[in-house]
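Shown next, in structure tokens, is the structure this report addresses.
The values are calculated or read from the model by the stated rules, or taken from the named source; none is laboratory data. It should be emphasised that the depicted structure is a prediction, and the values quoted were computed from it without experimental measurement. Cβ placement follows ideal geometry from the backbone for every residue including glycine, while neighbour counts extend to all protein chains displayed.
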Amino acid sequence: MVGGGAAGLWTALRAAERGGSVCLISRTPLSQSASFWAQGGLAAALEPGDSPAQHAADTIEAGRGLCRQSAVRALVEAAPGVVRELRERGVLFDLDVGGKLALGLEGGHTRRRIVHSGGSQTGHEITSKLAAMVAGMARIEVRERTTATALWSDGERCHGVLSEAQPIAAAATVLATGGAAALWRRTTNPRGAIGAGAVIGQAAGADLADLELCQFHPTALALPGTRFNGLLITEAVRGEGAILLDAAGRRFTDELAPRDAVTKAILDRTEADGTAQVDLDLRDVDPGRFPSVFASLAEAGLEPHSAPVPVAPAAHYVMGGIAVDLDGRSSLPGLYAVGECSCTGLHGANRLASNSLSECFVFGGRAALAALEEQVASRRPSPPEWRFTPPSEGTRDAVWHLAGPLRRPRALSELGADPYPLARGIAASALERRESRGGHLRTDFPGIDRELDGVHLVLPPVGETRHERWV
């Protein structure tokens, strides 16, 4: 198991509880994973009058004609049970005055169905509780500060992981290494979210998919030159009354539209106004609902209770990753992927808010069961010589400037020469998708091409990008 965030911890826990012996390696201490800092919640149909069918409809609508419907059904049907099980295991979610779950409303959802902890501290609560559970499992060996440098693969099968310390053999290897949005210079993600799992997976022989589809979060703090630039302001504040204002102080969009629509509205507005940002007015939001958000803004020298704060889109979530089925299996036997480094097709072209944390539990649990069925190979090949090399600062700048919220063909072609494999993959996929859909906006193809409905772009380890429709 590679990765100590919510997906990795849950998958390891479920596998161990069913008799598996698990070695979990994490580049950082478990308390420093990206999941630990997650502000979003879990989406599940829990409100009277809501239903998995409505949750599915909202997910598919947000996904802009690209969601794998079997993955959507799997998520929405299992998500309510996930919330119940987490509560039974001691995870504390916010309650209303009547003692029931306080369900939040976020962009793209037609019902209140987001459960949070501490307003915007859900990642802290869930990850810390899961880490404690994992630490108490005798069948799980945790190796913190251990980095996977490659997969032990001959291109035909994955036999384990290579770390800087020693090889770790395994019948099944599960990657839960997180996302890739920190490849873009302006990002809401921690610096380690560079798509390492996708790079080592493809180098080992696994297919990648949907790399062109990056969701840019509409409301990241815009304070260039400071460490607060790109600070995520959770979408939940817009569900509780925060509004977006243009340079003249006028509201200009529906703040609760899906993220791609809000991002596009902000880009259109900043171009019309000749500005680099818009304002987010939080004066009608109760600071007690989001204490960490207001504390962070105050630390940045802002006074959100008395004046709007500047925001602009930033790279937030890459829908693409290692192509997997609904049990986390990749195209490389023995290799599984869960969480943000994977691509089931669930999110389509635009992730519905808070579905990703639910995804970690629903598909992590399925992958744990499937991985337990793998058999130890009778022989293992010699470890490969290839080792992972992180991207340079120049790559981060290039990905932001050449494959940012608005894509141009000449810029994408330039990015195709970047030394980092994932940057080249993003460029190739973005050039191949000749349309604007969800998180992918082409200046030369501004509309949706209905011939590409349901089409996922799969990038094999060797060869050209191919078009696939997933059942």
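Which residues, counting only those in region 231-242, are surrounded by 24 or more Cβ atoms within 10 Å (Cβ to Cβ), part of a loop (DSSP other than H, G, I, E, B) and under 22 Å from the mean Cα position of the chain (by Cα)? Within region 231-242, Ile233, Thr234, Glu235 qualify. Somewhere in region 453-462, is a residue outside any strand (DSSP E or B), in contact with a Leu (Cβ under 7 Å, 6 or more places away or on another chain) and among the hydrophobic types (A, V, I, L, M, F, W, C)? The answer is no, given that none of the residues of region 453-462 is outside any strand (DSSP E or B), in contact with a Leu (Cβ under 7 Å, 6 or more places away or on another chain) and among the hydrophobic types (A, V, I, L, M, F, W, C).
Restricting Pro287, Pro218, Pro258, Pro190 to those that are surrounded by fewer than 20 Cβ atoms within 10 Å (Cβ to Cβ), closer than 28 Å to Thr127 by Cβ and either at pLDDT 95 or above or touching a helix residue (DSSP H, G or I) at 6+ places or on another chain (Cβ under 6 Å) (or both) reduces the list to Pro287. In the set (1) touching a residue at least 24 places away in the same chain (Cβ under 8 Å); (2) of a type in the set (A, V, I, L, M, F, W, C); (3) in a loop (DSSP other than H, G, I, E, B), Val97 fails one condition alone, (1). Applying the criterion of being among the charged types (D, E, K, R) and outside any helix (DSSP H, G or I) to the residues of region 45-93, the residue that is surrounded by the most Cβ atoms within 10 Å (Cβ to Cβ) is Arg68.
Whether a residue is surrounded by 15 or more Cβ atoms within 10 Å (Cβ to Cβ) and in contact (Cβ under 8 Å) with a residue 24 or more places away in the chain was assessed, and Ser392 does not pass this test.
Restricted to region 428-471, and to residues that are among the acidic types (Asp, Glu) and touching a helix residue (DSSP H, G or I) at 6+ places or on another chain (Cβ under 9 Å), which residue is surrounded by the fewest Cβ atoms within 10 Å (Cβ to Cβ)? Taking the candidates together, the pick is Glu464. From the list Gly205, Gly274, the lone residue that is small (Gly, Ala, Ser) and surrounded by fewer than 17 Cβ atoms within 10 Å (Cβ to Cβ) is Gly274.
For Val338, the conditions (1) among the β-branched types (Val, Ile, Thr); (2) over 11 Å from the mean Cα position of the chain (by Cα); (3) buried (at least 24 other Cβ atoms within 10 Å of the Cβ) all hold with the exception of (2).
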